[in-house]
Amino acid sequence: MLMLAMIMFSCAIKSPRGFSLIEEKIKKEYSDETAGIALMVVCDTSTIWSNSFGMANIAENTLMTNNHIINIASVSKLFVATAIMQLYETGLLSLHDHINLYLPFKVENEGHETNPITIHHLLTHRSSIIDGNYYDDSYSTSPNNIKLSDWLENYLSTAGSAYSKNNFSGRRPGDNWIYSNIGFGLLALIVENVTKTSFESYCEQNIFNPLQMHQTAWKNTSDSLFHTTLYAYFNEYPLANEKKQISELLDKKIELETYLPINPYRFPNYPDGLLFTSVNDLSKFAQCILNDGKYKGHQLLKNETLNQMFTIQETEEGKQGLCWRYTGFKNIWGHGGDDPGVQTGLYLDRDKNRAIIMIKNSNLGSRTKIIKDLYLQSIK
């Protein structure tokens, strides 16, 4: 008991004075006239350091906090993978199963029918499925009336109006790494079909509630007191395809060097990037991973399952685990996220017992240096 208390105390009080130098640098970039950033460094038992800078809403003079809620873009995929691996642990599916065993429609890469797409291919971005314009054009400020299953079937089934063999690469499934957002929509649909419940309900019951992530949901939480306004900021005019997408989400024309409020948006393939949460809630998920899959007595995933997820799954690129990606720096794994008005990151080192969480409500700047600085300071 004494040893455990000493370990927890050590983790909790380790707050090097060097964090103040990092804070001073960040303050120079974020003010009451800029969009904001929220950051946290944790170990498995407690918060080591946290702070937030800039504004959650510039017009309303609302400061950013670690409780502010944002759609976390591709960091959402970590929760899709968690759901899949929970079903894997209980024996309800195998990672090398053909995905058509769990779908209401058939998905095949034309010309490679003898090489079926597997769940493992989806988790490692080796499915050969390409997002394409169908995905890019799906971002909308209008309510989504199309179900995830219908949207995916329209693109991937030969009977769908948006189907084309060009929705797949010319390579066989498993041959090469191609980042696929749509693949994670399929994984969520597999969870629905295996569990006979909605993906939103499954995650609430089996991930969010056990981790006490009460600010987290697969829906727009614009009615929350901690809703965050997203901003687009451009130093130069965007390329045509990016300009088309972002212009449809703005109330006025693109201006340079101006924070432009973005209207809340949705897209049918929501599991790949539309999880709404806060830095505080994300820290609970990070602590669970650092604590061998356990949070306050609840075992979210077995440690051996996590070890599998944090193992390189291929040699070509040399960074891809099961959804989680190795950064190539120290022993840091994680996932970043980028969407209109959003930049996020969750990165951790299981050996050093450290995790860094970041959300920004603008597309300005890079997450890499901040993440590295906080990590290096936290292990001094």
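The values are calculated or read from the model by the stated rules, or taken from the named source; none is laboratory data. Not measured: the values here are computed from a predicted model. Heads up, the Cβs are rebuilt from the backbone with ideal geometry, glycines too, and the neighbour counts pull from every protein chain shown.
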*Mind listing just one residue for me: the one in the range 124-169 that is among the aliphatic types (A, V, I, L, M) and assigned to a loop (DSSP other than H, G, I, E, B) and, of those, farthest from LYS244 (Cα to Cα)?*
ALA159
*Mind telling me which of the residues LEU250, LEU239 ends up being free of Cβ contacts under 8 Å to residues at least 12 places away in the same chain, more than 17 Å from ALA217 (Cβ to Cβ) and of a type in the set (A, V, I, L, M, F, W, C)?*
LEU239
*For the range 52-89, enumerate the residues that are of a type in the set (S, T, N, Q), buried (at least 20 other Cβ atoms within 10 Å of the Cβ) and not in a helix (DSSP H, G or I).*
SER52, ASN66, ASN71
*Members of the range 310-326 found to be crowded, with 17+ Cβ neighbours inside 10 Å and either small (Gly, Ala, Ser) or more than 18 Å from the chain's Cα centre (by Cα) (or both), listed by number*: GLN313, GLY321
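Condition check ((1) closer than 19 Å to SER74 by Cα; (2) buried (at least 22 other Cβ atoms within 10 Å of the Cβ); (3) in the same structural domain as GLY91 (by TED's automatic domain parsing); (4) at pLDDT below 95) across all residues:
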position	(1), (2), (3), (4)
TYR237	no, no, no, yes
LYS244	no, no, no, yes
LYS253	no, no, no, yes
PRO271	yes, yes, no, no
ALA286	yes, yes, no, no
GLN308	no, no, no, no
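Here is a list: LEU103, LEU123. Which entry is within 28 Å of GLN212 (Cα to Cα) and of a type outside the set (Ser, Thr, Tyr)?
Details: LEU103 fails: within 28 Å of GLN212 (Cα to Cα).
Only one candidate passes the filter, namely LEU123.
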*When you look at ILE357, is it buried (at least 23 other Cβ atoms within 10 Å of the Cβ), on the phi < 0 side of the Ramachandran plot and hydrophobic (A, V, I, L, M, F, W, C), yes or no?*
yes
*Do we have THR90 as modelled with pLDDT of 95 or more, among the β-branched types (Val, Ile, Thr) and in the same structural domain as GLY183 (by TED's automatic domain parsing) here?*
yes
*Please give the number of the condition ASN176 fails out of (1) farther than 20 Å from GLU192 by Cβ; (2) buried (at least 17 other Cβ atoms within 10 Å of the Cβ).*
(2)
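If you check TYR134, TYR163, which single one turns out to be hydroxyl-bearing (Ser, Thr, Tyr), in contact (Cβ under 8 Å) with a residue 24 or more places away in the chain and at negative phi? Explain how you work it out, then say what you get.
Numbers: TYR163 fails: in contact (Cβ under 8 Å) with a residue 24 or more places away in the chain.
Among TYR134, TYR163, only TYR134 is hydroxyl-bearing (Ser, Thr, Tyr), in contact (Cβ under 8 Å) with a residue 24 or more places away in the chain and at negative phi.
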*Qualifying residues in the range 90-137 (those that are crowded, with 20+ Cβ neighbours inside 10 Å and among the polar types (S, T, N, Q)) - the one nearest to GLU317 (Cα to Cα)*: THR124
_Please verify whether GLY183 is over 26 Å from VAL342 (Cβ atoms), surrounded by 14 or more Cβ atoms within 10 Å (Cβ to Cβ), out of contact with any Gly (no Cβ under 8 Å at 6 or more places or on another chain) and small (Gly, Ala, Ser), treating the condition exactly as stated._
no
_I need the full set of residues from the range 173-194 which are aromatic (Phe, Trp, Tyr) and either in contact with a helix residue (DSSP H, G or I) (Cβ under 8 Å, 6 or more places away or on another chain) or farther than 12 Å from LEU122 by Cα (or both), in order please._
PHE184
